[in-house]
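A short worksheet on the structure shown next.
The values are calculated or read from the model by the stated rules, or taken from the named source; none is laboratory data. Small disclaimer: the values here were computed from a predicted structure and weren't measured. Counting neighbours? That spans all protein chains shown, and the Cβs are built from the backbone with ideal geometry, glycine included.
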Amino acid sequence: MTNHMKDGLVEFTYLCDELNQELTCWFEYEAEERGQRSRWGEQLSPDYPATFSLHHVYLPGSSVDLAPILSADVVRMIENWVDGQAQQEIDDARADEAIDRWLDWQDSQ
């Protein structure tokens, strides 16, 4: 998976099993938004998860955007895959951070 930014869009390389082909996909990313809480921790407004909206899809070496001709099911499948990939990276980063904190604590003992 590549991860590049351009014009506010994020690039991911998606392996499409149906086509047996890698697709270069560009997404608009909206960061997660945590809802407002009271000082007692009571939730006052909803939380919104991070989302990726598919904007462009290209075959390698091509400049033809396939996104307009993809079915809604294929678009949803690609967006769900990217959401899963992004969540996995976030989970991995949190795990690495927790391990680092634990190792720092061990060193301080």
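For this structure, a couple of remarks:
- Of the residues making up region 52-76, those that are closer than 14 Å to PHE12 by Cα, surrounded by 10 or more Cβ atoms within 10 Å (Cβ to Cβ) and of a type outside the set (A, V, I, L, M) are PHE52, SER53, HIS55, HIS56, TYR58.
- Candidate set from region 16-72 (those that are among the aromatic types (Phe, Trp, Tyr) and in a strand (DSSP E or B)); member that is modelled with the highest pLDDT: TYR58
- When region 5-15 is limited to residues that are part of a strand (DSSP E or B) and either exposed (fewer than 12 other Cβ atoms within 10 Å of the Cβ) or not hydroxyl-bearing (Ser, Thr, Tyr) (or both), the one that is modelled with the lowest pLDDT turns out to be MET5.
- Being in contact with a strand residue (DSSP E or B) (Cβ under 8 Å, 6 or more places away or on another chain) and not polar (S, T, N, Q) is a property that VAL74 lacks.
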